[in-house]
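Data first, discussion second: the structure below is written as structure tokens.
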Amino acid sequence: MLRIPCPVCGLRDETEFTYGADATLRRPDMEETDPGVWHDYVFIRDNPQGRHKEYWHHVSGCRQWILVERDTLTHEIFGSSLVREVAA
Amino acid sequence: MSQYSVLSILRHGLTGNKHWPRAWRDPAPKPSYDVVIVGGGGHGLATAYYLAKEHGIRNVAVLEKGWLGGGNTGRNTTIVRSNYMMPGNTIFYERSMQLWGNLSQELNYNVMMSRRGYYFVFHSPGQGEVLRRRANVMRANGIDAEFLDRAETMRRLPMLDYSATARFPIYGSFSQPRAGTARHDAVAWGFARAADKQGVDIIQQCEVMGYIWDKDKIVGVETTRGPIRANKVALAVAGHTSHLAAKAGLRLPIETHVLQAYVTEPLKPLVDHVIIYGGAHFYISQSDKGGLVLGGDLDGFNSYAQRGGLPTVEHTLQSAKALMPSISRLRLLRQWAGAMDMTMDGSPIIGKMPIEGLWLNGGWCYGGFKAIPASGYCFAWTLAKGEPHPDNAEFTLQRFERGYQIDESGAGPDPKAH
Ligand SMILES: Cc1cc2nc3c(=O)[nH]c(=O)nc-3n(C[C@H](O)[C@H](O)[C@H](O)COP(=O)(O)OP(=O)(O)OC[C@H]3O[C@@H](n4cnc5c(N)ncnc54)[C@H](O)[C@@H]3O)c2cc1C
Ligand SMILES: [Zn+2]
């Protein structure tokens, strides 16, 4: 069981959250016409062994999307922040 | 290397089983090979075997960082089936099914292929229609498929919950009679022994750390047992593909996720087939030792840890109980997990990479055990001839750029959804 720190609710069980996706992806500009750029965005992942930035949705809590940094080998979590604050 | 037979069992039995020879050699790595295969799971070992046997390429090494079959090949729930309906998948998995039929004889090693039949129970008319379509595609391709109504399903699978209070009512089932299970370790060991017999060097405790380059071409690997040169470097490392590809500067349409499996204490024969629950992602079969072998969903977030979390254990056991309430008081004996390559369309990649000298067999998601014979056969062909066999021609890396994903479950570009 992961214990995920939510910036709003504090340390909560993994079962309260839904996993989102790799948080390093940036959707290309809608004017972008190079299919290669879209291909990379839709399909290609770094898939690191080690630290991974990822989105989680605190769906059974405050319902905020949060950004979590977690180690994919050990599952150690290094911290989290509200996505809307990071994105702003 | 001696041939295994009834006579050899009797002879060794009479001498106290003290004189069995090693099943394969333990050679030191040579400085160079024609082909170096990275990863001593079923796929790497089968590839080595077919390279030697079908193409006469015997100057081959299989490098394994741990022990043979210690990856997903030794961690899976051993289900073998060929009920695929997307072009590309259908013929490939059926070739595998055909190779499984004769594999014990081919390898002179009992892989315990048991064609006990596979049943997918469904819980709504709509779900039934989707499965009927799958059954029709299979039959149109000459693959066995049966469609059973509720009464016939009750007759064949009497241990399921058909009561009025069942969480999801059972409407019927879809079956592949030739499907079943095989013994996972025996598949790794059988291919290892047969490949060794053909002259292939199987080198354990040898981790590949990087590549030897000649300008922009890969000409070998750096390992924990020194550099080894090769004309072709072939990756078959299951959940570690991205990580080894990254060392060659390649980024792939893959994420690594964890899948768990469980086995209960042994019982008298209860589950004669492989049963898939359509109400959730859950499947069950019974091993020859009597333990019920259970599997379910991915843990759901990227992970290379070969261990699973408790929420998924709970979810899987809830499914087990919903399908077969009679097993609710059984105890689990063991639980384990494997780290797998999940591709963006749920289908594998076999072929030449954009870097000269590098070849890939990966992206097997949670369906790669059944694929081992055909994958070895096709990857060996691809390595030997420099072009894919017709049966793996669709499994290219380029299909993602070209919009030709092979999305068997129709889940879209989300690796954890396949
Ligand atoms: C719990 C679970 C249940 C499953 N159930 C089924 C099922 O019922 N049916 C089915 O068809 N499939 C199933 N699968 C999928 C199947 O197990 C895999 O797709 C298949 O075993 C992959 O085989 P492989 O040879 O590619 O990988 P592996 O057996 O994992 O072999 C890869 C090897 O590469 C080695 N390696 C990695 N990195 C390096 C390196 N740098 N240097 C040297 N060696 C390295 C690893 O140690 C490993 O031994 C399941 C998987 C899991 C985890
Ligand atoms: Zn919260």
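Bear in mind that the values in this text are calculations on the coordinates, not laboratory data. These numbers were taken from a predicted model, which means no experiment stands behind them. Neighbour counts run over all protein chains shown; Cβ positions are idealised from the backbone, glycine included.
Some notes on this structure:
- Look at segment B:382-401: where a residue is farther than 15 Å from residue B:236 by Cβ and without any contact (Cβ under 8 Å) to a residue 12 or more places away in the chain and a partner is surrounded by fewer than 18 Cβ atoms within 10 Å (Cβ to Cβ) and not charged (D, E, K, R), sitting 6+ places away or on another chain with Cβ atoms under 6 Å, you get B:401/A:39.
- Selection of strands (runs of 3 or more DSSP E) fully inside segment A:6-88 by the criterion of at least 1 residues being crowded, with 18+ Cβ neighbours inside 10 Å and of a type in the set (D, E, K, R) returns A:10-13, A:51-57, A:65-71.
- Filter result (surrounded by 21 or more Cβ atoms within 10 Å (Cβ to Cβ) and under 23 Å from the mean Cα position of the chain (by Cα)) within segment B:204-227: B:206, B:208
- Once segment A:24-46 is narrowed to residues that are of a type in the set (A, V, I, L, M) and more than 11 Å from chain B (Cβ to nearest Cβ), the residue that is farthest from ligand 1 (Cβ to nearest atom) is A:30.
- Taking (1) in a loop (DSSP other than H, G, I, E, B); (2) within 26 Å of residue B:329 (Cβ to Cβ); (3) touching a strand residue (DSSP E or B) at 6+ places or on another chain (Cβ under 9 Å) in turn, residue B:268 satisfies each apart from (3).
- Of all residues in segment A:47-80 being in contact with a Gly (Cβ under 9 Å, 6 or more places away or on another chain) and closer than 19 Å to residue B:252 by Cβ, the one that is nearest to ligand 1 (Cβ to nearest atom): A:73
- Flag for residue B:300 being touching a helix residue (DSSP H, G or I) at 6+ places or on another chain (Cβ under 7 Å), more than 21 Å from residue A:75 (Cα to Cα) and away from ligand 1 (no atom under 11 Å from the Cβ): no
- Of note, residue A:4 does not satisfy the criterion of being out of contact with any Gly (no Cβ under 7 Å at 6 or more places or on another chain), more than 12 Å from every other protein chain (Cβ to nearest Cβ) and over 23 Å from residue B:341 (Cα atoms).
- Lone unmet requirement of (1) within 11 Å of ligand 1 (Cβ to nearest atom); (2) more than 10 Å from every other protein chain (Cβ to nearest Cβ); (3) in contact with a strand residue (DSSP E or B) (Cβ under 6 Å, 6 or more places away or on another chain); (4) within 30 Å of residue B:63 (Cβ to Cβ) for residue B:258: (2)
- Helices (runs of 4 or more DSSP H) wholly inside segment B:72-153 that include at least 2 residues being acidic (Asp, Glu), within 14 Å of chain A (Cβ to nearest Cβ) and within 16 Å of ligand 1 (Cβ to nearest atom): none
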